[in-house]
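Take a look at the structure set out below.
The values are calculated or read from the model by the stated rules, or taken from the named source; none is laboratory data. Note that this is a predicted model, so its numbers are computed, not measured. Neighbour counts are summed over all protein chains in view; Cβ atoms, including those assigned to glycine, are modelled from backbone coordinates with ideal geometry. Only protein heavy atoms, including side chains, enter the accessible area calculation; ligands, DNA and RNA are left aside. Shrake-Rupley method; radii C 1.70, N 1.55, O 1.52, S 1.80 Å.
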Amino acid sequence: MHPRIKPRAGAGLSLVVLGALTLLTACGSSHSAAGADPSLRPGAGQSLAGVPGDAGKGSPATSTMPGMTMTAPVTGAPSAPVAGDTVAIKNFAFAPGKLVVKVGTTVTWTNQDTDAHTVTSTGSGGPLKSAALGTGGTFSYTFTKPGTYDYLCTIHPFMTATVTVTA
């Protein structure tokens, strides 16, 4: 150091800050003008769901990785009532979510998930009371009275559905 130049207090901190700003500026200069990293582009048949710059190309409900598919519970408008006598338990939901049957119909629920689920009436005293159903497990119930029967999975209470029984 020159004998006439004396370092001022805090000069070291200023150099550290200046160095950090230089590094940040250099790192930011490799990105495109839009600010997205050009290396984060989907290949043919792929998407980057949820990644900034995806422009909505990916699906918010599903995401894929090689060898893996992840599906989130889909929420939104309630489903329209469906006629039939079977309910699939898959993707942590009852499908259909609203079933309409006539008195005397036996409805069968089949668990297609890898997690266990139940079919249990909401409130007390309802007729639906299954044990925990493993993968491939079934539960059947014959509806003998008209009415609306709300039910849920007691293991996953966000899973709800309804059977409406008509005369």
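Residues in region 100-132 that are out of contact with any Asp or Glu (no Cβ under 8 Å at 6 or more places or on another chain), in contact (Cβ under 8 Å) with a residue 40 or more places away in the chain, hydrophobic (A, V, I, L, M, F, W, C) and in a strand (DSSP E or B): Val100 only.
Examine region 100-123 for a residue that is open to solvent by 20 Å² or more (accessible area, probe 1.4 Å) and modelled with pLDDT under 95, and state whether such a residue exists. Steps first, answer last, please.
Going through region 100-123, the residues open to solvent by 20 Å² or more (accessible area, probe 1.4 Å) turn out to be 100, 102-106, 108, 110, 112, 114-116, 120, 122-123.
Narrowing the set further to residues that are modelled with pLDDT under 95 leaves 123.
Yes: region 100-123 contains one or more residues that are open to solvent by 20 Å² or more (accessible area, probe 1.4 Å) and modelled with pLDDT under 95.
The residues of region 81-99 that are of a type in the set (Val, Ile, Thr) and open to solvent by less than 50 Å² (accessible area, probe 1.4 Å), listed by number, are Val87, Ile89.
Please tell me if Lys145 is of a type in the set (D, E, K, R), open to solvent by 70 Å² or more (accessible area, probe 1.4 Å), modelled with pLDDT of 55 or more and outside any strand (DSSP E or B). So Lys145 fits the description; yes.
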